[in-house]
Structure formats: C-alpha cells, structure tokens
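Nothing in this text is a laboratory measurement; each read-out follows from the coordinates by a stated rule. The model shown is predicted, which means the values in this text are computed figures rather than measured ones. With ideal geometry, Cβ positions are generated from the backbone for all residues, glycine too; neighbour counts draw on all protein chains shown.
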Amino acid sequence: MRGTRGRGVAVTGIGLVTPAGIGVEENWRRILSGVSTAATDPELKGERVDISCRVPGFDPTTELGRRTAWKLDRFAQLAVVGARQAVADAGLDSGSWDGTRIGVVIGNSLGGAATFEKQLRTYFDGAPEDVSALMIPMGMVNMVAGYVAMDQRIQGPSLVTATACASGASAVGTARQWLLSGLCDVVLAGGTEAAISPGTLNGLSRMGALSTRTEDPAGASRPFAHDRDGFVAGEGAAILVLERTEDAVARGARRYADIAGFSASSDAHHATAPHPQGAGLARALREALDEAGVLPDEVEHVNAHGTSTPMNDLTESRALYSVLGSGAAVTSTKGVTGHTLAAAGAVEAAYTALALHHGAVPPTANTTGLDPAIDVDIDVVTGAARQRRIQVAASTSLGFGGHNAALVLTAA
C-alpha cells in the first residue's frame, strides 16, 4: 500500500431510512439476509409496472411532528430523520456544536416529484386556487439541504449534488474535500430520493429501465443475473457524519471506516447508457485508489452500482475487472433495496462502511449465477453473506448523463 491511511476522513455516524428498514441495525440485518424488499405497490395500481421498494413503517408525523411533516416532501422527511439518526449515532449534539463549522451536502435528483405531480394535477384539473402555496419549497431539490441545516442548526456551507444516481456518492466525496480543505470540521453527507409516483415510474418504464417481473416482485431485482430485465424503483435516505480522521481519534469517536479516496468522471458518451467498456467508471476508480494510496490488488470488496439492468451490469463488470481483476468480492445490495436512485451512492457507502466495521460481505439477492454475457471473471457474492475481515473496500456509482463516482474506504 502506498501513501498513508491517516489522511482520511472518518465515518463516525450513520443514519439509514431505506426499504431495508429504519436505523442501522435493522438495515444491516436485512442486507445480510439477502431477502428482497420489493412488493406490489397499491399507489401504483393500474400502472404497467406496479412494484417498488418502499421504506417500511415510516410515519413522518411520528418521526417529525405534524407541523414539520406537513411542510416537507417525503424526500426531505427521509433525509431529516436520517440526519437526526446519524448525529445521535456519532455521539454529537447539534444543540451545543459551533454550527458555523458544520456543513451539509446531500445528493438528490428528482426533488419533490410526487408533490409536483399532485399539485399540477390539481392545477390542470381546473382548480388553480387549490394549489398549495408550499409546492415550490416542497419540490425544489436544494431544500433538503436547507431543511437538514435548519433542523441541525448548521450554519456552514450547504449544498445539494445532482449527478443522477451517482448523487449520493458525489455528496460524500464533496464532503471529504470540504473537510480536508479545512472548510468544515464536521459534515453531514448523504443522499435521498422519494420519487415513487405514477408519473415518474411511467417515465422510467417507457425508457425500459424497470423490471417488468411484476408477478414476482421479490425476485425482480437480480443484479448480474442472466435473466435480469431492469431495476425496481426504491426510496430512501442515508446520511453519514464525516470528520477528519485525526479529529475523530482525538475525541475518542467510534469510527465505522475511513473514506480514504474519491474521484469522479464523465463518460461523454450517451444520455442514459453507460460507456460500453465502463471506461469512465474505471478511470474514476483508478483515481480514487491513487488518492487513497491503495493498490488495485489490495481491494477486497466492492459494493457495486449493480442496478439489475442489462447494460449497467455488463459494463460495470468490465470496468471493475479492468482495474481490480478478479480478487475483490463484489456485491450489489440493490437486490434487497431496489434502486434508490440519487440516494443509492450514499446508502451503499454506508453499507460498505458497515461491511468493513463488522467484517462481513453481504450477498447479492436473487442472483445464483452470473450472466454468461459478462465476459470477465468477477467474484459476485451470492447465496449467503461471507464473513471476512476487510481492510480495503470500494463503492461505485453511475448516473444518467454519464456521471461516475468511486469511493475507497479503509478499515478504522
């Protein structure tokens, strides 16, 4: 290994509100089980694709109080709850910290899609006077960072990254840069998305992005499998508390893992299709490894983007093999959670940190063997979790527009 790990950024708190559950423990149990969360969705009744992965048992009024819940679209509700979890998990108190030294950066792509859909339906149904005055602040993508900042008394920089399904990873990488530059002492970083609405899913369905295995929702998301046919849309939020590693050590904080490297790239290839050989993702991963001072053969685990779409899984496999060879244990946790879109990179960064912390590699749900069309030798974990101590792991993300992001994490 080249360089030093000590110049990293520590993950000291995690908040998870995902289809796998609410809270870290519930999420980790479900991810290790390899049991899918996908189900028929009553709110999508009559749609061509009527399955999704929802957050189970999430009651915004109970979590946030009636007044706060009423003002926020679901994508912001999930993030605010996740941020509260993460701050508490890190052993920090937003009531006593210096808010001017705290930042927040959250990935989001579709904003309040469900709010816009509902309010515009009201407008076009001929009742403009019934359109909510909160439509714009509920729907704007930037507002999630604003609401988290208000809730946690954060007065440092706040930002939303919008790189489609790489948004959450972009947020974590941006936060790392803020910390190492000295701009902040603590950053709440992550991603959120709650865009499971008839209009949005119809658009994804028309693109051919969604699985049509509606008769078998639990088996629909099957990354890297020969009969995969698209992803299952999910919702969720993941927020990580990040601090400079030396600061975390100095205050005696529990560290799940260190974020040792980050890089991003653009394919400049196609609006929705990844580069056929995964060239942009491979470049981002190499650069992230270089920043971390890690050699490719030292990477023991990858939490892949692994969407369960024919194109992504093929090209991502090629990218991973071109950089890492066949030595890393590869997982896609989307077999359990579905594709949480802009939240995915942050959700999966959290799962990667937990894999390092607990010494376990989750399985890829619903996948029993690789698609023969995947023409490289990668080690996809299937069937059951693998118990193994991990020192170095990576998490990769791709997004429409040709966005790529790679994070390298090391054991604390």
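The spacing between the stretch 22-54 and the stretch 71-146, judged by their C-alpha centroids, is 22 Å. From the alpha carbon centroid of the stretch 174-219 to that of the stretch 350-412 is 17 Å.
When each full DSSP H helix of the chain is screened for a Cα extent of at least 15 Å along its own axis and an average Kyte-Doolittle hydropathy of at least -1.0, the helices passing are 74-89, 113-124, 167-181, 279-292, 310-324, 344-358. What is the diffusion coefficient of the stretch 200-338 in µm²/s, taking the Kirkwood radius over Cα pairs and the Stokes-Einstein relation at 37 °C with a viscosity of 0.692 mPa s? The estimated diffusion coefficient comes to 193 µm²/s. In terms of the ratio Rg/(2.2 N^0.38 Å) built on C-alpha atoms, what value belongs to the stretch 257-412? Compared with the compact-globule rule of thumb, the stretch 257-412 sits at 0.92. Computed on the stretch 309-375, the Cα convex hull volume stands at 108 Å³ per residue.
In deg cm²/dmol, rounded to 500, what helix-only [θ] at 222 nm does the chain give when every DSSP H run of at least 4 residues adds -39500 (n - 2.57) and the total is split over its residues? Helix contribution divided over all residues of the chain: -10500 deg cm²/dmol.
Each residue, THR62 and GLN277, gets one label point 7 Å from its Cα in the Cβ direction; the gap between the two is 5.3 nm.
By the beta-carbon count within 10 Å of each Cβ, the least crowded to most crowded order of SER317, SER332, SER205, fewest first, is SER205, SER317, SER332. Please go through the stretch 216-300 and write out the trypsin sites (Lys or Arg not before Pro) that DSSP classes as loop and that have at most 15 other C-beta atoms within 10 Å. Of the trypsin sites (Lys or Arg not before Pro), the ones in loops of the stretch 216-300 whose Cβ has at most 15 other Cβ atoms within 10 Å are ARG251, ARG254. Among the lysines, select those whose C-alpha is under 16 Å from the C-alpha of LYS71, and discard any that sit fewer than 8 residues away in the same chain. Output for LYS71: LYS118.
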